[in-house]
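Structure, as structure tokens:
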Amino acid sequence: MNKLYNVAKWILFGSSLLLLISCVSDMGTLSPEGNTLIIPENVPGEKFTTVIETPAGEFRAISVDLENEKLDTLKEGSHYVVTDFLPHPVNQAAIPVSADTDMEKIVVWIVGRSVRAGDTLSVDPIALLEYTLEGQSKSEILAVPSDPAHQTIQVENFSEFIIEYDGVKYLLEGWLRNRHGLGKVSQLSWKDQVKAQNYINAKLE
């Protein structure tokens, strides 16, 4: 029975990803190299403005260079850096943080419609993800767009998310555990929206 249940979950996982990918426009035309960006500024609060790095459905790793205010597809030699698993099921974004003269980014996973790399988007955090990647601790935010026009799920807090959209949580966990290769991600845990907001605000203060 457990074996059938696990098979069914992976079928659901794969079907959900295929559906997400089919809804995304052709990303092959995306050429972000050298584009000048407007880097959003944030203050402690409950809503935050992110800059989109890697859109949902994208294989290539795209990153915001905060110091030079540029958007670049990461490359190794002449080849794009791509995920080792399936394409991004959600938008990967960043909340810029100023720390004296240095800039750092809080990674944000946004469940919603695909948003073009380099665009800004206001979000509501709903969870804090903590996990270990090859021995290194990671803390990242799960969020939904503040604007209903960009939403694909309607939740206001972590409790609603895990009750009404457990399938989305399961899909994202599976992708995170496999994107860098089997066994590289471990100890994945979730905290609620209050912990997520506190984490961001502590960085912004």
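The values are calculated or read from the model by the stated rules, or taken from the named source; none is laboratory data. Since this is a predicted model, take the numbers as computed values, not measurements. Virtual Cβ from ideal backbone geometry, glycine too; neighbours counted across all protein chains shown.
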query = Just one of GLY167, GLY135 is surrounded by fewer than 16 Cβ atoms within 10 Å (Cβ to Cβ) and out of contact with any helix residue (DSSP H, G or I) (no Cβ under 9 Å at 6 or more places or on another chain); which is it?
reply = GLY135
key: Neighbours by Cβ (under 7 Å, 6+ apart or cross-chain): first from segment 54-67, buried (at least 21 other Cβ atoms within 10 Å of the Cβ); second assigned to a loop (DSSP other than H, G, I, E, B) and aromatic (Phe, Trp, Tyr)   = none
ask   = Which one is farthest from TYR131 (Cα to Cα) among residues in segment 175-205 that are touching a residue at least 60 places away in the same chain (Cβ under 8 Å) and basic (Lys, Arg)?
value = LYS203
message = Yes or no: segment 128-150 includes at least one residue that is charged (D, E, K, R), at negative phi, in contact with a strand residue (DSSP E or B) (Cβ under 8 Å, 6 or more places away or on another chain) and in contact (Cβ under 8 Å) with a residue 40 or more places away in the chain.
response = yes
task = Run down ILE38, ILE52, ILE106 and say which single residue is at pLDDT 50 or above, of a type outside the set (Ser, Thr, Tyr), within 23 Å of ILE141 (Cβ to Cβ) and in contact with an Asp or Glu (Cβ under 7 Å, 6 or more places away or on another chain).
result = ILE52
inquiry  = Looking only at segment 97-123, filter to residues that are crowded, with 20+ Cβ neighbours inside 10 Å and within 19 Å of VAL43 (Cα to Cα); which one of those is nearest to the chain's Cα centre (by Cα)?
reply    = VAL108
query = PHE161 fails exactly one of the following numbered conditions: (1) buried (at least 20 other Cβ atoms within 10 Å of the Cβ); (2) free of Cβ contacts under 8 Å to residues at least 40 places away in the same chain; (3) closer than 17 Å to ALA56 by Cα. What is the number of that condition?
reply = (3)
inquiry  = Against the definition (more than 15 Å from the chain's Cα centre (by Cα) and not in a loop (DSSP other than H, G, I, E, B)), how does GLN154 come out, yes or no?
reply    = no
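Residues in segment 92-143 that are in a strand (DSSP E or B), acidic (Asp, Glu) and farther than 23 Å from ARG177 by Cβ: how many?
The qualifying residues number 3.
Could you tell me how many of the residues in segment 62-81 are assigned to a strand (DSSP E or B) and modelled with pLDDT of 70 or more? First the steps, then the outcome.
Within segment 62-81, the subset assigned to a strand (DSSP E or B) is 62-65, 70-73, 75-76, 79-80.
Now drop any that are not modelled with pLDDT of 70 or more, which leaves 62-65, 70-73.
Qualifying residue count, segment 62-81: 8.
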query = In this structure, is TRP190 buried (at least 17 other Cβ atoms within 10 Å of the Cβ) and in contact with a strand residue (DSSP E or B) (Cβ under 8 Å, 6 or more places away or on another chain)?
reply = yes
ask   = Does VAL90 meet the test of being in contact with a Gly (Cβ under 9 Å, 6 or more places away or on another chain) and either farther than 19 Å from PRO40 by Cα or not hydroxyl-bearing (Ser, Thr, Tyr) (or both)?
value = yes
